[in-house]
């Protein structure tokens, strides 16, 4: 398994999001959020992103989220996939 | 009571919107697809999305199946492992050709149930038969595991394997569809008919559903929500059929109370197949909410 450091997952369809992670940069977590529902749900999205990263033991890197109104389950899934891809998952 | 499986709606497992909203169309079952609907490079993301959906989305009692990738691909076993752990209890196995294909999945499921503290034998299997070899082996497939709840027919791949074209009349499918119904009936499980790809042709679709019902199928795989009401309508028994079924059920109940073995109704003997058919009509009537 090759650690590429960069991973991306998701789409810009409605109710989805694109998560891009770069685990090779920075000393801490830097999360950038663009969302069609940022004003109302920005805090909630960030909470889910942080929780998911914590579960995956990610403590540093640049995380970019472009959200199109995704529900929590989709946010969790896309973060997980992006991180696993960055870590070089095979299957 | 045996589940109704009149409609099994395919939903690609890469679209969060459809994955949440499919319940609105009230199919009897939803099949989340990780196989043909998902491109090779998105197999991992679709699986991750489905794992999270199964953990959190309320499917309001609708039966959930996942069409996993075949176990001979690099994805199949990981699909089964992760989804069962996330709560999946029904697996639709594509390209089932032999009883050994089912036995392989069965063995993996015993292992996973033990590992994850899940009731042994509670994860069920529906085997999808899509080739000439699979059709020939249907009786062995239908009885390959105690987990089997049904076998389904996939006509697109099947017609390719016999070198025929798929026609609207469906004569090239007749023997295969009948063989699948017979194998399922002998095993006491459901036979589910193939998808109908032309979503615009609702009349052609209705004719195919009527022929599936006439052959003995329990239901049909559907690819678009607009097909659901058509199938439910065709599978809804007439009031006359329902009344007759209720009389049979009542006669059986009375006979049991009086300790009678064989009974007759309107001068005709009521035996086990008659009772089974009456029970099926009652189930369909309840499913259609006319009873």
Right, residue B:214: assigned by TED's automatic domain parsing to the domain that holds residue B:156 and within 23 Å of residue B:288 (Cα to Cα) or not?
yes
Could you tell me which of the residues B:91, B:102 is modelled with pLDDT of 95 or more, away from every other protein chain (no Cβ under 14 Å) and assigned to a helix (DSSP H, G or I)?
B:102
Hits in segment A:49-65 (condition: in contact with a strand residue (DSSP E or B) (Cβ under 9 Å, 6 or more places away or on another chain), surrounded by fewer than 18 Cβ atoms within 10 Å (Cβ to Cβ) and either assigned to a loop (DSSP other than H, G, I, E, B) or touching a residue at least 24 places away in the same chain (Cβ under 8 Å) (or both)):
A:59, A:60, A:62, A:64
Looking at residue A:89, is it facing chain B (nearest Cβ under 7 Å), touching a helix residue (DSSP H, G or I) at 6+ places or on another chain (Cβ under 8 Å) and either assigned to a strand (DSSP E or B) or more than 26 Å from residue B:18 (Cα to Cα) (or both)?
yes
Exclusive hit being buried (at least 24 other Cβ atoms within 10 Å of the Cβ) and part of a helix (DSSP H, G or I), set B:47, B:41:
B:47
Before we move on, is residue B:59 assigned by TED's automatic domain parsing to the domain that holds residue B:228, in a loop (DSSP other than H, G, I, E, B) and at pLDDT 95 or above?
no
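Only one residue in A:46, A:12 is assigned to a loop (DSSP other than H, G, I, E, B), surrounded by fewer than 18 Cβ atoms within 10 Å (Cβ to Cβ), out of contact with any helix residue (DSSP H, G or I) (no Cβ under 8 Å at 6 or more places or on another chain) and at pLDDT 95 or above. Which one?
Sole residue among the options that is assigned to a loop (DSSP other than H, G, I, E, B), surrounded by fewer than 18 Cβ atoms within 10 Å (Cβ to Cβ), out of contact with any helix residue (DSSP H, G or I) (no Cβ under 8 Å at 6 or more places or on another chain) and at pLDDT 95 or above: A:12.
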Which residue is modelled with the lowest pLDDT, if the candidates are limited to segment A:15-27 and must be more than 14 Å from every other protein chain (Cβ to nearest Cβ) and touching a strand residue (DSSP E or B) at 6+ places or on another chain (Cβ under 9 Å)?
A:26
Condition first: part of a helix (DSSP H, G or I), surrounded by fewer than 22 Cβ atoms within 10 Å (Cβ to Cβ) and either touching a residue at least 60 places away in the same chain (Cβ under 8 Å) or more than 11 Å from chain B (Cβ to nearest Cβ) (or both). Now tell me which residues in segment A:66-86 satisfy that.
A:84, A:85
Do you know which residues across segment B:11-26 are surrounded by fewer than 22 Cβ atoms within 10 Å (Cβ to Cβ), more than 18 Å from residue B:40 (Cα to Cα), more than 8 Å from every other protein chain (Cβ to nearest Cβ) and out of contact with any helix residue (DSSP H, G or I) (no Cβ under 6 Å at 6 or more places or on another chain)?
B:18, B:21, B:23, B:24, B:26
It is to be established whether one or more residues within segment B:146-159 are surrounded by fewer than 17 Cβ atoms within 10 Å (Cβ to Cβ) and at pLDDT below 95.
yes
Any chance segment B:74-85 includes a residue that's surrounded by fewer than 19 Cβ atoms within 10 Å (Cβ to Cβ), modelled with pLDDT under 95, away from chain A (no Cβ under 13 Å) and under 28 Å from residue B:146 (Cβ atoms)?
no
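The values are calculated or read from the model by the stated rules, or taken from the named source; none is laboratory data. Small disclaimer: the values here were computed from a predicted structure and weren't measured. Neighbour counts are summed over all protein chains in view; Cβ atoms, including those assigned to glycine, are modelled from backbone coordinates with ideal geometry.
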